[in-house]
Every structure is written in C-alpha cells, then in structure tokens.
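Report on the following structure.
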C-alpha cells in the first residue's frame, strides 16, 4: 500500500482557507500549516489569526508562523518535517530557493489566473479591470521567479458582464481548491508533467491601492465601469460631491455627454454622470456613516443633494 504524501500547506487569507478546507474534505490532511503572523485588526487592533490558522487549529493541525523563510532556523524547522510536498496558496511570504528545494516533490502553487497572463499580486481584479473574457486558476510548480514555474493544471471560467472582484474571488477559490486536490492526487500517482510558460505572453497584476480607486471622470465610461466592478469589495471606487465622499458599488454604461464628472440626470434608477466618453449611471452608493444603498433609496431621502449640473470629484 502506498504511503500518503507528507504534505505541508502554506497560506493566509480566506482564498487559501477554502483550499485547505477542500484538501481536508478530500482526506489530504497536511502534517503542518504555515501562515503569516497574527495581525492587528478591527477597531481595537487586537491580534487576529489568519483564516488559515483558524481552520488549522479547528482541525488540530500544527501551525507555524515565521516572519520570514529566509531565516536558516525557519528553513531547518521546515526540513525537519520531511515534507514530500509543500502546497502554497496566497501565503504572502517569498519562498527562497533553499525552501523550494526542501520538499521531495517540490512546491506547488494555486494561482488565480490563467498563466502566463496576470502574474503577481492582484490577478482577479486586474482581469476584470482589463475586460478579459475569462479567468481561472493555474496550479504550477514553483520556482524562484514570480509565478513563472511550469504549469501543471488549468481550470478556466468565463468572466460575467456583472462580475465583481468579490464574486470572481469566491468562484476561483472553489475551482482552485478542487484543482489543487486533483493535482496532489495526480502528482502522487506520477501522472502530471509541467508545461513551460511562454514569458512573451506574461502580464503583471500590480498590487491594488486606494489611490487608484479614486474615479477619474475624464476616463471612458466603460473603463470606469470595469474598475468599479473589479474593486468591489476592496478597495472600492470612490469620488466626492460638494466635499462629501461617495463610494460607488454599482454602475452601468449609458449614452450621454458633458464635462467629466457632471451630473446629467438623477432618477430613481440611478445617478447619471458624464465621463471622458459616454456616461455612467451609478446604481449603488455609500455615504459616510451609512451602508451601500440602491440609488433609489438615496434619491427618495436626499434628492436635493444630487441636483443636475453639479460636478463630482471637485
């Protein structure tokens, strides 16, 4: 009878926790879990364990949280586990070559894009923002470069017209988890061979930041609509009206023209704002201290605040 693989899992956020949950359900129980150190969170800034740590502790799996894997002591600790395979999902720490060399079968990673497109930190959001027709997950053999290793398994999914960063994230977490389970089983059976990536087709998914979430109304309406969907639920696109911040959670492209940022119409079905080309009908907004609301609710109570002719972003 074949001995089960000695698997170590490394991951941090909810996306990674979904992978770990599916591995456990499939009987592929890691001997240890690596995750980033607890971070301050919430109003009280209490130290909070990552979603992966919380799940591992529920299943009595040993948890290790080194601040870096460049430390020889941390590397020795991993080597002492004698892993056959290290599974890495959104871990957030760089794995130096010395770590990649430890597991007998190497390190494999579940990455939320169809590589070589969208290597890097924010592949889900960048795919929506760019108007890609599909996204997916690539399970790859890791090497020292950023998401450059041979591809072992790919799963694709269409990007829907109303897709948000949140909805695609959740779907890819499920698809990636199943793909990782399949890859582990096929690697154990010696059935998987890597396909080398074409570096000429690679694009880089830059990390998201709050500054780029400010809406530049001089840009085309279709570009802004994609960004609004991509940046939901974080960092959330925003603008301002008469000094009041507005977060934008929903928008549809419409015909219309005027000086960028000018309110062209305010109706129950949305607030129409002129863009560099075309216009956007904002359908879901959040005001300071409130929650995201359909514009119909804001129009009912604050109609005078959204008068035609006012300019957003000034």
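The values are calculated or read from the model by the stated rules, or taken from the named source; none is laboratory data. All values derive from a computational prediction rather than experimental measurement. FYI the Cβ positions are ideal-geometry reconstructions off the backbone, even for glycines, and counts take in every protein chain you see.
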Test: residue in the stretch 20-30 that is surrounded by fewer than 13 Cβ atoms within 10 Å (Cβ to Cβ) and either within 25 Å of residue 181 (Cβ to Cβ) or within 24 Å of the chain's Cα centre (by Cα) (or both): yes
Out of (1) within 21 Å of residue 163 (Cα to Cα); (2) surrounded by fewer than 14 Cβ atoms within 10 Å (Cβ to Cβ), the odd one out for residue 191 is which? (1)
Considering only residues that are assigned to a loop (DSSP other than H, G, I, E, B) and modelled with pLDDT of 95 or more, look in the stretch 31-55 and name the one that is farthest from the chain's Cα centre (by Cα). 31
Take residue 179 and decide whether it is loosely packed, with under 15 Cβ neighbours inside 10 Å and in a helix (DSSP H, G or I). no
Please work out which one of (1) at pLDDT 95 or above; (2) assigned to a loop (DSSP other than H, G, I, E, B); (3) touching a strand residue (DSSP E or B) at 6+ places or on another chain (Cβ under 9 Å) is the condition residue 82 fails and give its number. (3)
Mind listing just one residue for me: the one in the stretch 257-286 that is without any contact (Cβ under 8 Å) to a residue 24 or more places away in the chain and assigned to a loop (DSSP other than H, G, I, E, B) and, of those, nearest to residue 226 (Cα to Cα)? 257
Please specify each residue of the stretch 189-214 satisfying the condition of being part of a loop (DSSP other than H, G, I, E, B) and within 21 Å of residue 129 (Cα to Cα). 202, 203, 206, 207, 208, 209, 210
